[in-house]
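Beneath this line is the structure, given in C-alpha cells, with notes to follow.
Since every read-out is calculated from the coordinates, none of them should be taken as a lab result. In this text the structure is predicted, and so the values were computed from the model without any measurement. Virtual Cβ from ideal backbone geometry, glycine too; neighbours counted across all protein chains shown.
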C-alpha cells in the first residue's frame with residue numbers, strides 16, 4: 001500500500017470542515033506550560049547500531065525494581081510473576097490476539113476473556129464483569145459516567161482517599177461530559193465523614209479501599225446512605241491482591257467495582273501497560289462500558305463462545321454508545337487470568353496473608369526509628385508514615401543509597417504543602433528481612 005501524504009489544500013479543507021483556524025485550535029484545552037514549544041532534543045540521522053547504543057545508555061540510568069530493596073506502591077505494585085505466565089502469553093495465539101471483530105473464528109480469545117470475566121466477578125463479589133479496561137483510573141472515570149447515566153444525575157462525591165491520579169482522570173473525563181465532581185480533601189488519617197457529603201443530588205459516591213493512604217474502609221454504611229439518597233456506590237481498589245484477604249466490595253453493598261489488576265501477572269514495566277477491572281450488578285449490565293464475552297452452544301449443541309454485548313461506538317450508533325474505549329487490555333488480561341489460575345482461591349489467600357504479614361513487620365520496624373509515626377490503624381500491604389522532614393528529600397537520599405523507600409505524597413499531591421512530610425510505603429511477598437533491615441538502617445542514617 002502506497003503512502004500518499006496530505007497536501008496543504010487537504011489540510012485547509014479538513015480545518016474548514018472542523019471549524020478550526022489551525023491545528024493548534026485542537027489543543028486549546030491543554031495548559032500552555034504543558035505544550036512542547038519545539039522539537040525533542042534527540043539526535044538525528046544515526047545508524048541502527050548507534051541508536052541501540054544510545055538507547056541502552058539511557059536505559060542504564062534507570063534503577064530497576066528487582067535490583068534493590070523496593071517499597072514503592074501507590075497504584076503500581078511489585079509482585080512475583082511466575083515464569084509460567086510469560087511462557088503462556090508468549091504463545092502466538094495469545095500474543096497476536098486482538099479484539100474479536102469476527103467472534104466466530106476467535107474462540108480461544110473469547111474463552112480466555114470469558115474465564116477472566118468470571119474470575120473478576122468472583123473476586124469483586126459482583127454478578128457481571130467486562131472483558132477489561134485500559135487501567136484502574138480510566139475504569140473509575142467510566143464507572144462515574146455510567147452512574148450518571150443510570151441515575152440521571154451528574155454529581156459524583158469522591159473520597160479524599162481515592163488515588164490522586166484516579167481523581168484527576170475522573171475529573172477530566174466527567175468535566176468534558178458536563179458533570180460535576182465534588183472532591184473531598186485528601187484524607188491521610190482515614191477519618192473523613194463522607195456520609196455528610198451525600199445528598200439527594202448525588203449520582204454516585206467513589207470510595208477506594210484500601211485507600212491511597214492504605215486505610216481499610218467499611219463500605220456498608222456508605223452504601224446504605226448512598227442508596228437511601230438514590231445514589232450508587234462505586235468501590236475502587238488499586239491493589240487487587242487485597243481481595244484475597246478483605247471482604248469483597250460487592251458483599252459490602254457496592255453497585256460498581258473497579259480497579260487495577262496489574263499486581264497479578266503483569267510487571268511494573270515503568271508504568272504500563274496495565275489492566276483495568278470493571279464489574280457491576282446484572283441489572284446495570286446494558287450501561288457497562290466495553291464488551292462482554294458469553295458462553296453458548298452452536299447449532300450442533302457444542303459449547304462455544306460469543307461476543308455477547310459490545311456497546312462501544314464502533315459497534316453501534318455513536319449516540320447510543322456507552323463508551324468510546326476502542327479495545328480491551330487483552331494480553332494483560334490474559335496474564336492476569338493465567339496468574340490467578342495458577343494461584344487458585346487458596347493460593348490467593350495465602351499470597352494476601354504473606355503480603356499483610358510482611359507489611360506489618362515492616363511497619364513495626366519503621367516506627368522504631370525516632371521521629372517516624374504510622375498514620376494507619378488498619379492496612380493491607382501499604383501504609384502511610386509521617387516523617388520528621390520533607391518525605392521527597394528522604395526518598396531521594398535513600399535512592400542514592402540504593403533503596404527505593406516509598407512514594408512521597410507530595411509527588412502526587414503537590415498542591416497540598418501540609419502533606420509534604422508523608423510517605424506511602426508498600427510491602428509484598430518479594431520483600432525479604434534483608435530488604436527491611438536495609439530500609440530501616442538507611443532511614444536511621446538519613447534522619448540522623
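How big is the gap, in Å, between the Cα center of segment 64-94 and the Cα center of segment 237-255?
22 Å
Just to verify a number: FRET efficiency for residue 60 and residue 30, C-beta to C-beta distance, R0 = 35 Å, to 0.05?
0.60
At a Förster distance of 25 Å, what's the computed FRET efficiency of residue 297 paired with residue 127, Cβ-Cβ distance as r, to 0.05?
So, using R0 = 25 Å, E works out to roughly 0.70.
Cβ neighbours within 10 Å, averaged per peptide: list 75-84, 111-120, 332-341 in order, most packed at the top.
332-341, 111-120, 75-84
Just grab the label-to-label distance for residue 342 and residue 118, each label 7 Å out from Cα along the Cβ direction, in nm (one decimal).
So the two model labels end up 2.0 nm from each other.
Once a ≥ b ≥ c are taken as the square roots of the eigenvalues of the Cα gyration tensor of segment 188-269, is the result rounded (a/c under 1.5), prolate (a/b larger than b/c) or oblate (a/b not larger than b/c)?
prolate
How would 163, 416 line up from fewest to most surrounding beta-carbon atoms within 10 angstrom?
So the ranking, lowest neighbour count to highest, is 416, 163.
Give me the one-decimal nm value for the distance between modelled label points at residue 7 and residue 361, 7 Å along each residue's Cα-to-Cβ direction.
Between residue 7 and residue 361, the simple spin-label model gives 7.2 nm.
Just rank 225, 34, 283, fewest to most, by other beta-carbon atoms within 10 angstrom.
So the residues, fewest neighbours to most, are 34, 283, 225.
Given the -39500 (n - 2.57) contribution per DSSP H run of 4+ residues, what per-residue ellipticity at 222 nm results for the chain, rounded to the nearest 500 deg cm²/dmol?
-11000 deg cm²/dmol
Using a simple spin-label model with points 7 Å from Cα along the Cα→Cβ vector, what separation in nm is obtained for residue 399 and residue 281?
4.5 nm
Could you calculate the FRET efficiency of residue 15 with residue 321 from 1/(1 + (r/R0)^6), where r is the beta carbon distance between them and R0 is 25 Å, rounded to 0.05?
Here the calculated transfer efficiency is 0.40.
Can you tell me what share of the DSSP beta bridges in the chain is antiparallel? A percent to the nearest 5 is fine.
So the antiparallel bridges amount to about 55 percent of the total.
Classify segment 327-448 as rounded, prolate or oblate, taking a ≥ b ≥ c as the square roots of the eigenvalues of its Cα gyration tensor: rounded when a/c is under 1.5, otherwise prolate if a/b is larger than b/c and oblate if not.
Because a/c hits 1.5 or more and a/b exceeds b/c, segment 327-448 counts as prolate.
Where a ≥ b ≥ c are the square roots of the eigenvalues of the C-alpha gyration tensor, would you call segment 83-240 rounded, which needs a/c under 1.5, or, failing that, prolate if a/b is larger than b/c, or oblate?
Verdict is prolate for segment 83-240.
Please rank 39, 187, 224, fewest neighbouring Cβ atoms within 10 Å first, as an exposure proxy.
In order of increasing Cβ crowding within 10 Å: 39, 224, 187.
Report for segment 83-340 the percent antiparallel among DSSP-assigned beta bridges with both residues inside it, nearest 5.
45 percent
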